[in-house]
Amino acid sequence: MNVNEAKKLVMNGLDLQQINSGVYSGEWMAAEGRKAIESICPIDGQALGSVTQGKDKDYENVITAAEKAFKEWSALPAPRRGEIVGEIGAELLKNKELLGMLVTLEIGKTVSEGAGEIQEAIDIASFAMGLSRQLYGLTIASERPEHRLMEQWHPLGIIGVITSFNFPAAVWAWNALIAAVVGNVTVWKPSSSALLTAVAVSRIANRVVERNGLPPIFFLTCGSGRTVGDLLVNDKRVPLISFTGSTAVGLSVAKQTAARFGKSILELGGNNCAVVTAEADIDLAVKGVAFGAMATAGQRCTSTRRVLVHSSIYDDFSAKLKDVYSRVNIGNPLDPSVIVGPLVDKNAVDDYTATIRQSVNQGGRLIHGGQVMEMNGCFVSPAIIEMNRQEGIVLKETFAPILFIMKYETLEEAVQIHNAVPQGLSSAIFSTDIRETEYFISHAGSDCGIVNVNTSTAGAEIGGAFGGEKETGGGRESGSDAWKYYARRQTVTVNYGNDIPLSQGVVFPV
Ligand code: NAD
């Protein structure tokens, strides 16, 4: 399908207009008199549509409506909230193809990845629905006679969700749908590169809540980070900010939120590494590394950015990797044979070229790719750069398909190099030797939040908790018990006796 046909199909199918309102406070703010931001399609560099931004007053309307909606939503039994979230999953499924294509048009993911993005939101909806019947607290043996000690989890209130461009629907779903079953309402500030997806997804989710006779709970405030983002981050009425984005912005968000004693979940940059040992199944490792480095044109937080290869297989591995790279189809991501679509915008292309230049200046050898393609849009060829040492530019995350390849001699040395970067999101080892793989996943091995054996650093499932250590921020979202971040823990002591025995044997003879 060509880009114009896809644009027509998606804009009509999802009822997106030329100018859409970007603020939802239970009703969509009027677009007149508001500044609109264009959503530029990175495939052809042309505008796809526009979304209006709110002003301070519009933000206030959103928060007032959110406070009111929270009272009603939090009073519903959690399993009822879960049923509604389950219905949202069903609506997303009905619209999966169109929404996936919108993700492709707005940020350039391949059609398969665009559909996968929406599938992730659908999966989270089913996970959250099940979770709504499993929001367990503990009962603890009390040291006092005729006492019960237990803990329970209450919703926090309004959750601020600030998202990055590269997972424009899934990251919202990780946060908003889990937060919703816990009893919270959310105010979403999406990336300005993916506003139409945010409008489309918010409409679908709120329609479901409304048809259940409830006030909408998924609020939206499109606008720049410095205006809307700042308002949300500094607002005491928003007890938790879940921020997904770069480490630099995340640090500033964390400081501001902490300064008002708010909580934050930080999902920040990664510098993910795969270790390929002498005992690896080389063909499998080549596939895993190629997918990790090139999927989403290297614009996943979990993209493989470094690969450490044992010296005994280095030449074989790098020859096979280069062969795979030379066969990938780069171009219009609507074409199912294309594996590498465009970067999100011109700035990303500039970052890509600057990083390649700096790597070469710092002693790197470009062994594959590295060119900006002569095409409309933001296309580049995935690059492989050989480095003798891990320093300088290799320590930074560049959000583009650039893979640094390095040699190592012992697994201990590989782990030391692997961990010697400021970020700690995802990691992988490719080996068929259980002693090597167990060492890598042990406390002495990878220091990341996510560790993979014989599979890529990218492509996490929703069932596990997602997040990373060090400058990745330490947050956890999505599966496992990540729901606890969206709740306040309350320890309850109940005395059902006729006396007041004190803990720690303290006496108070009154
Ligand atoms: P970004 O930091 O530029 O923007 C992220 C969001 O923050 C956007 O919505 C932006 O408008 C907003 N923002 C900007 N300035 C702000 C401010 N002062 N106050 C509040 N909000 C502000 O990131 P990006 O380019 O959209 O995304 C790429 C980055 O996100 C990469 O570093 C990637 O690794 C990271 N990321 C991390 C994860 C994870 O789970 N660890 C997932 C996806 C992306």
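What is the local net charge at GLY270, summed over the other residues whose Cβ is closer than 15 Å to its Cβ (Lys, Arg +1; Asp, Glu -1)?
Spelling it out: positives minus negatives among the neighbours equals 0.
Expressed as a whole percentage, what fraction of the accessible surface of the chain belongs to carbon and sulfur atoms when a 1.4 Å probe is rolled over the protein heavy atoms?
Values: 11040 of 21320 Å².
Ligands and nucleic acids excluded, carbon and sulfur give 52 percent.
May I ask for the percentage of alpha-carbon pairs in the chain that lie more than 35 Å from each other?
Details: 48051 of 129795 pairs.
Everything past 35 Å amounts to 37 percent.
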request  = Ignoring everything but the protein chains, give the 1.4 Å probe accessible area of ILE462 in square angstrom, nearest 10.
outcome  = 30
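State in Å² the accessible area per residue of region 1-147; use a 1.4 Å probe, count heavy atoms of protein chains only, and round to the nearest integer.
On the way: 7060 Å² over 147 residues.
For region 1-147, the per-residue accessible area is 48 Å².
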Inter-site label distance for ASP350 and SER480 at 7 Å from Cα along Cβ, in nm = 3.9
query = Quick one: if the Förster radius is 25 Å, what FRET efficiency do ASP316 and ARG435 give, using the C-beta to C-beta distance and rounding to 0.05?
reply = 0.65
ask   = Say each of ASN234 and ILE19 gets a label point 7 Å from the Cα, pointing the same way as Cα to Cβ; how far apart are those two points in nm?
value = 2.9
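Give me the net charge of ARG260's neighbourhood, meaning all other residues with Cβ under 11 Å from the Cβ of ARG260; Lys, Arg count +1, Asp, Glu -1. Intermediate values should be presented prior to the final figure.
On the way: positive: LYS236, ARG237, LYS255, LYS263; negative: ASP235.
Residues near ARG260 contribute +3 overall.
Regarding region 279-389, what's the average projected area of the Cα-atom convex hull, expressed in nm²? Please report the intermediate quantities before stating the final value.
Details: hull surface 29.4 nm².
Seen from a random direction, the Cα hull of region 279-389 projects 7.4 nm² on average.
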query = What is the extension gain from ARG226 to GLU409, computed as 0.36 nm multiplied by their sequence separation minus the C-alpha to C-alpha distance, in nm to one decimal?
reply = 61.2 nm
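Which percent, to the nearest 5, of DSSP beta bridges fully inside the chain are antiparallel?
Details: 27 of 69 bridges.
Here the antiparallel bridges make up roughly 40 percent for the chain.
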query = Just the accessible area for HIS368, please: 1.4 Å probe, Å², rounded to the nearest 10?
reply = 50
request  = Grab the DSSP H runs of the chain that are 4 residues or longer, score each as -39,500 (n - 2.57), total them, divide by all residues and round the 222 nm result to the nearest 500 deg cm²/dmol.
outcome  = -12000 deg cm²/dmol
message = Once you place label points 7 Å from the Cα toward the Cβ at VAL507 and LYS255, how far apart are they in nm?
response = 5.5
Net charge of Cβ neighbours under 15 Å - reference GLY100; Lys, Arg +1; Asp, Glu -1 = -4
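Once the Cβ-Cβ distance between VAL360 and VAL328 is put in as r, and R0 is 22 Å, what FRET efficiency do you end up with, to the nearest 0.05?
On the way: r = 22 Å, r/R0 = 1.01.
After rounding, the FRET efficiency stands at 0.50.
Rg(Cα) of region 272-465 divided by 2.2 N^0.38 Å?
Numbers: Rg = 15.8 Å, N = 194, 2.2 N^0.38 = 16.3 Å.
It is 0.97.
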message = Using alpha carbons only, how many angstrom separate the centre of region 355-397 from the centre of region 304-332?
response = 14
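May I ask you to compute the full-extension gain from SER112 to GLU38, defined as 0.36 nm times their residue separation minus their alpha-carbon distance, rounded to one decimal in nm?
Values: separation 74, 0.36 × 74 = 26.64 nm, distance 2.51 nm.
Result for the pair: 24.1 nm of gain on full extension.
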query = What aspartates and glutamates sit close enough to LYS236 to cross-link, taking a C-alpha to C-alpha distance under 15 Å and skipping anything fewer than 8 places away on the same chain?
reply = GLU60, GLU67
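Per residue, how many Å² of accessible area does region 272-465 show with a 1.4 Å probe?
Working: 7920 Å² over 194 residues.
That works out to 41 Å² for each residue.
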ask   = With θ set to phi - 60° and the Karplus curve 6.51 cos²θ - 1.76 cosθ + 1.60, what are the ³J(HN,Hα) couplings of region 130-146 in order, to the nearest whole Hz, using x for Gly and Pro?
value = x, 4, 4, 9, 9, 7, 7, x, 9, 10, 10, 5, 7, 7, 9, x, 6
task = Report the calculated FRET efficiency for GLN371 and LYS263 (r = Cβ-Cβ distance, R0 = 41 Å), to the nearest 0.05.
result = 0.35
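The values are calculated or read from the model by the stated rules, or taken from the named source; none is laboratory data. All of these numbers come straight from a predicted model, not from anything done at the bench. Don't worry about glycine lacking a Cβ; one is built from the backbone with ideal geometry, like all the others, and counts go over all protein chains shown. We work out accessible area using only protein heavy atoms, side chains counted, and drop any ligands, DNA or RNA first. Shrake-Rupley method; radii C 1.70, N 1.55, O 1.52, S 1.80 Å.
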